[in-house]
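Enquirer: What follows is a single structure, and I will ask about it in a moment.
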Amino acid sequence: MKLATKPNILILGAGYGGMVTATKITKELGHNQANITLVSKHDYHYQTTWLHEPAAGTMHHDRTRMQISDVVDINKVNFIQDEVVNIHREENKVSLKNTGEVEFDYLVTALGAVPETFGVGGVFEHSFNKWTVNGARQLKEHTEYMFAKYNNEPEPREEYLTFVVAGAGFTGMEFIGELSERMPKLCKEYDIPLNKVKMYVIEAAPTALPGFDPELVEYAMNLLENRGVEFKINTPISEVTADGVTLKDGEEIKSSTVIWATGVRGNPVIEKAGFENMRGRVKVEKDLRAPGHDNIFIIGDCSLMINEETERPYPPTAQIAMQQAETVAKNLHALIKGESLHEFKPDIKGTVASLGGKEAIGVVGNKKLFGTSANFMKKMIDNRYLWILGGTGLVLKKGKNPF
Ligand code: FAD
Ligand code: NAD
């Protein structure tokens, strides 16, 4: 009797897309229906959506991460800690930095994003641009070092206490929200008058948070200005240097801490693997497969989907990555059983952004939220993801107090 061999499902990246795929697929498939392997750089999963908090020092970085083995059933999923270096699309295998090659029958690529520079020079050399646990830890420690250094110089230099955030998108606004909230405490701790600190947010577009509700944008800007933040709107940054930033109009701002948040592009592995892409993102089919590949799914920030109502791409968000992962788990099951695949239909519930302390802004359904009600909603959204991933136990262990 010839036993049917089990298909190999390979999931790349243990972020929102990869983790939800791994946990859902183990529930979708019966015992012994497939070999499931998850590959990621670290043995922990981190919540990218919380990283502005440890980066500004308002939360310990350990709160944003959890061991993968605490969430994914490692009796059902083989975890490999390694870095993906290439995907050989036609040969159905993936090269890993240390482990060598891993073959697959079905592949789910969920490797997230990297910073977009739009050709601005000096970003990688002179700015803080990594929205990862290690990136957040480095920025927090650098900020504290700048404060410590200031009072130890014969002539204190203003640039030590000058913070420049590049980009007033959601990442830039959430980060400056946390930093500006923490600033009075930092100043007190390091014996520095608050008025010595300068915080800039520099935005190329004619408004902060382009495309978002103008009333909420105004609320956020007023709140942040009251905390000492200065906005420079309609002012693209043209270069980042060792001394700070140069703006398109020629002005230079001296700063020892430039935080880059001007948007993202898909993981460079996508381009290296030769998928047709736009800024590292693959325009996927409705069932989330890469065009021309029956066995390769691409989700999260590496994927691109057009919103048919606006004819613009959906923004890369955790909300979409998690919803895609649920569809991919169903579609892997369908492929294995020889059934037809499901179309992915995004269900955008809204957007809520924190602004530090108990402040936030957001739109949920048709409802605008400000201040404490938005802050409550934001914390509930953060907790909901934990619940999707690990149920009530994970919410109790890692969740946020919404009050
Ligand atoms: P990720 O969650 O980034 O996961 C990618 C994983 O792949 C990581 O574990 C990474 O370590 C791993 N990896 C990367 N490269 C390799 C490699 N070569 N080899 C092996 N492993 C690799 N979206 C929202 O919907 N709501 C929010 O409130 C929100 N807030 C945000 C706040 C901040 C500060 C930032 C930066 C983003 C925020 N986003 C938010 C966007 C959201 O975080 C992303 O859209 C989401 O993380 C994308 O999920 P993903 O699974 O594609 O990638
Ligand atoms: P983004 O693309 O949303 O915003 C980047 C901003 O940088 C834009 O306003 C852009 O005009 C500006 N910019 C670009 N080049 C510039 C330059 N040279 N000088 C000055 N400004 C420049 O990117 P993001 O804020 O990094 O967010 C990435 C993704 O993550 C988005 O999809 C966003 O919706 C999502 N996100 C969501 C939340 C939330 O829902 N709370 C929080 C953070 C991020």
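The values are calculated or read from the model by the stated rules, or taken from the named source; none is laboratory data. On a predicted model such as this, the values are computed, not experimentally measured, just so you know. Positions of Cβ are generated from backbone atoms using ideal geometry, with glycine treated the same way; all protein chains shown enter the neighbour counts. SASA here: full protein model, heavy atoms, side chains in, ligands and nucleic acids out. Shrake-Rupley method; radii C 1.70, N 1.55, O 1.52, S 1.80 Å.
Enquirer: Project the alpha carbons of the chain onto their principal axes and report the range along each, largest first, in whole Å.
Expert: Here the spans come out as 83, 40, 40 Å, largest first.
Enquirer: Which value in nm describes the separation of the simple spin-label points at D213 and R384, placed 7 Å from the Cα toward the beta carbon?
Expert: According to this spin-label approximation, the distance is 1.5 nm.
Enquirer: Moving to a separate point now. Can you give me the accessible area per residue for the chain, using a 1.4 Å probe, in Å²?
Expert: That works out to 48 Å² for each residue.
Enquirer: Given the C-alpha centroids of the range 291-329 and the range 71-134, what is the distance between them in whole angstrom?
Expert: 17
Enquirer: Based on the mean of other beta carbon atoms within 10 Å per residue, what is the order of 189-197, 83-91, most packed first?
Expert: Most protected by this proxy first, the peptides run 83-91, 189-197.
Enquirer: Calculate what fraction, in whole %, of the accessible area of the range 123-260 sits on carbon and sulfur atoms when a 1.4 Å probe is rolled over the protein chains.
Expert: Here carbon and sulfur together make up 46 percent of the probe-accessible area.
Enquirer: Give, to the nearest whole percent, the P(r) tail of the range 266-403 beyond 22 angstrom, counting all Cα pairs.
Expert: Here the tail beyond 22 Å accounts for 50 percent of pairs.
Enquirer: May I ask for the distance between the Cα centers of the range 218-287 and the range 135-184, given as a whole number of Å?
Expert: Cα centroid of the range 218-287 versus Cα centroid of the range 135-184: 17 Å apart.
Enquirer: Please list, short to long, the whole-number percent of alpha-carbon pairs of the range 123-260 in consecutive 5 angstrom bins beginning at zero.
Expert: Using 5 Å bins, I get a P(r) of 2, 10, 20, 24, 21, 15, 7, 2, 0, 0 for the range 123-260.
Enquirer: Going by average Cβ density within 10 Å per residue, which order do the peptides 129-135, 65-71, 75-81, 176-182 take, highest to lowest?
Expert: 176-182, 129-135, 65-71, 75-81
Enquirer: With an 8 Å cut-off on Cα pairs and a minimum separation of 6 or more residues, tell me the relative contact order of the range 123-260 in percent.
Expert: 32
Enquirer: Right, here's the next one. Residue separation times 0.36 nm, minus the C-alpha to C-alpha distance between D70 and N222: what's the value?
Expert: 50.5 nm
Enquirer: Only residues of the range 75-90 count here: report those whose backbone N is under 19 Å from the spot 7 Å along Cα→Cβ of K97, or say none.
Expert: Those under the cut-off are 79-88.
Enquirer: Another one. Suppose we take every Cα in the range 31-84 and form the convex hull; what volume per residue is that in Å³?
Expert: 90
Enquirer: Pick out, from G365, W131, A168, the residue whose Cα sits farthest towards the positive end of the charge dipole of the chain, with +1 on the Cβ of Lys and Arg and -1 on the Cβ of Asp and Glu.
Expert: Value computed over the given set: G365.
Enquirer: Based on the mean of other beta carbon atoms within 10 Å per residue, what is the order of 311-320, 136-145, most packed first?
Expert: Per-residue Cβ counts within 10 Å, averaged per peptide and sorted highest first, yield 136-145, 311-320.
Enquirer: Quick one: net charge of F79's neighbours, Cβ under 13 Å, K/R +1, D/E -1?
Expert: -2
Enquirer: If amide hydrogens are placed 1.01 Å from N in the peptide plane, which non-local residues have theirs closer than 5 Å to the one on E116?
Expert: Counting only residues 5 or more places away or on other chains, the set is T262, G263, V264, R265.
Enquirer: A follow-up question, please. Taking a spot 7 Å from the Cα of Q33 along the direction of its beta carbon, which residues of the range 330-346 have an amide N less than 17 Å from it?
Expert: Residues 330-343 fall inside that zone.
Enquirer: I'd like the carbon and sulfur percentage of the solvent accessible area for the range 325-403, probe radius 1.4 Å, heavy atoms only, ligands and nucleic acids excluded.
Expert: About 57 percent, which is the carbon plus sulfur part of the accessible surface.
Enquirer: Rounded to the nearest 500, what is the chain's calculated 222 nm mean residue ellipticity when only DSSP H runs of at least 4 contribute -39500 (n - 2.57) each, over all residues?
Expert: Theoretical 222 nm ellipticity from helices: -10000 deg cm²/dmol.
Enquirer: Compute the relative contact order of the chain as a whole-number percentage, counting only Cα pairs closer than 8 Å that sit 6 or more residues apart in sequence.
Expert: 18
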